[in-house]
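The values are calculated or read from the model by the stated rules, or taken from the named source; none is laboratory data. Given the structure is predicted, the values throughout are model-derived calculations rather than measurements. For neighbour counting, all protein chains shown are included, and Cβ atoms are generated from backbone atoms with ideal geometry for every residue, glycine included. Side chains are part of the model used for accessible areas, which takes the heavy atoms of the whole protein and leaves out ligands, DNA and RNA. Shrake-Rupley method; radii C 1.70, N 1.55, O 1.52, S 1.80 Å.
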Amino acid sequence: MIRLSAIRKSFGKQEVLRGIDLTVEKGEVVAILGPSGSGKTTLLRCINYLERPAEGQIAIGEYQLDAKKATKKDIHALRLRTAMVFQNYNLFKHKTVLENVMEGLVIVRKLPKDEARRISLEVLEKVGLASKLDAYPSSLSGGQQQRVGIARALALNPEVLLFDEPTSALDPELVGEVLEVIRRIAKEGITMIVVTHEMGFARDVANHVVFMDGGVVVEEGKPEELFGSPKEERTRQFLKRYS
Ligand code: ADP
C-alpha cells in the first residue's frame, strides 16, 4: 500500500534521514518511535512533501514518485492521497470548527459547499464535536482542538493518515480523549502512520512498530516483538527510558 525506499534528507550539512525503507500495508497502523532528533517528524513530512526528500521513492497505492524527478503535479497527486494531523493542531484561528473542516474539501478538493458540509458534519460527529460547530478554536480545549485537526484530516478521506506527535502539546489530562479518538478511527481500518511518544498507545493500537535513531530504522516489528524482546541494544535503552 505504501512503500518508502531509500529516503534521504539533509538540512545543510546534517543528514537527518539516511536511507529509510518502510512498507505499510493497507489498514495497518504503524507507530514510529525514537529519541528526539532521530528524524521521525522529517520522515513523516517527506511522505506528503511538506519536506522535500533529496532522494528516494514514495509509492502510495498505484501512485509512485521519485524524489529526484518529482514535478509539481506529482507532489499535488501525492498530497491528495495523504492528510496530516499536526502536533500544534494548525487550525485556522478565525474560522469556526465547521469552517476549519470544510476548508480543505472546498478549496483543495473543490467539492460543492453542501457536500463539504455534509462530510464535515459526519466526521465532526465521529470525533465527538457535533455540538461545537460554530465555536472558534480559541474557545476549545487543546484536546478538542486536536479532535478538530483529526476531523479535518479524516474529512479528506486520504489513503493514509499521518499523525505527527498528536498528543505531545496537550496537558496530560487531555491526552486520553485524543488517543481514544485515534484508536476508534484505527478500528475502521484506515491506514495510519503515527509518530508518538505514547508507548502504551503504540503497544495497544499499532500493528507494526518502527524504532528510529540517528536517521535510520534501527529495528521494526510487531508491537509484542519490539516491546517484548527488542533485538537491538539501542532499542532496549530507549524503551528502558520510557517505561
Ligand atoms: P524527531 O521528530 O525524531 O524529533 P526531527 O525530524 O524533528 O526529529 O528532526 C531531526 C533533525 O533535523 C534534528 O536535528 C532537527 O534539529 C533537524 N531539523 C528538522 N527540521 C529542520 C529544519 N526545517 N531545518 C533545519 N534542521 C531541521
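Numbers for the structure displayed
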quantity: Lone unmet requirement of (1) outside any loop (DSSP other than H, G, I, E, B); (2) closer than 18 Å to Ser5 by Cβ; (3) basic (Lys, Arg) for Lys69; calculated: (1)
quantity: Residue satisfying condition, being within 20 Å of the chain's Cα centre (by Cα) and open to solvent by 10 Å² or more (accessible area, probe 1.4 Å), within set Val24, Val108, Val85, Val101; calculated: Val108
quantity: Enumerated strands (runs of 3 or more DSSP E) restricted to the stretch 187-243, each holding at least 3 residues that are buried (at least 22 other Cβ atoms within 10 Å of the Cβ); calculated: 192-195, 208-213
quantity: Single condition Ile58 does not satisfy, out of (1) more than 14 Å from the ligand (Cβ to nearest atom); (2) not in a strand (DSSP E or B); calculated: (2)
quantity: Val178 vs. criteria in contact (Cβ under 8 Å) with a residue 12 or more places away in the chain and over 23 Å from Glu224 (Cβ atoms); calculated: yes
quantity: Residues (buried (at least 19 other Cβ atoms within 10 Å of the Cβ), away from the ligand (no atom under 16 Å from the Cβ) and part of a loop (DSSP other than H, G, I, E, B)) located in the stretch 163-186; calculated: Leu170
quantity: Some residue of the stretch 28-40 being in contact with a Lys or Arg (Cβ under 8 Å, 6 or more places away or on another chain), open to solvent by 50 Å² or more (accessible area, probe 1.4 Å) and without any contact (Cβ under 8 Å) to a residue 24 or more places away in the chain; calculated: no
